[in-house]
Amino acid sequence: MKFTKTLCGIALATTFGTGIVHADEEAQQMLMDAMPVMHYSCATILAKADGDEDFVIDVVKKMTFVSLYNHSIDINDHANSDEEKEALRKKFIGEIRVGCNPDKNALLAGVIDSAVMTTLGLSQ
């Protein structure tokens, strides 16, 4: 299973397809759900997944939510149409490749956070 192939279906429907408007209680639960996986690297997620693409998708969703939440980002402020969201999804996947390809031991949460910020034009 290729790491980048696994990401192809997630961003649009889960992260770049919806806003980040959640009740505090729901957001806190989502943050708590993410904590056990925040230590994964680009390589360890694949080892833990052992071929289970749904596992990788779930972990990436959780890490992406944490990034969006920490930066108070509502994706709808950056894309409204399906075409705009698709463009963000493609760029997001590319940015994850940029972060993971040269260093398989890179902390995945950091790669995803950087990919979110770069994709949305918010990085410095």
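Filter region 50-62 down to the residues that are loosely packed, with under 12 Cβ neighbours inside 10 Å and in a loop (DSSP other than H, G, I, E, B), then identify the one that is modelled with the highest pLDDT. By that ranking, first place goes to ASP50. Criterion applied to ALA115, ALA109, ALA47, ALA43 was being in a helix (DSSP H, G or I), of a type in the set (Gly, Ala, Ser) and loosely packed, with under 15 Cβ neighbours inside 10 Å, and the one residue passing it is ALA47.
The single residue among ILE75, ILE45 that is within 22 Å of ASP103 (Cα to Cα) and touching a residue at least 60 places away in the same chain (Cβ under 8 Å) turns out to be ILE45.
What are the residues in region 23-40 that are in a helix (DSSP H, G or I), touching a helix residue (DSSP H, G or I) at 6+ places or on another chain (Cβ under 8 Å) and among the aliphatic types (A, V, I, L, M), if any? Hits for region 23-40 are ALA27, MET30, LEU31, ALA34, VAL37.
The values are calculated or read from the model by the stated rules, or taken from the named source; none is laboratory data. Keep in mind that what you see is a predicted model, and the values were worked out from it rather than measured. No Cβ is skipped: glycine too gets one built from the backbone with ideal geometry, and neighbour counts run over all protein chains shown.
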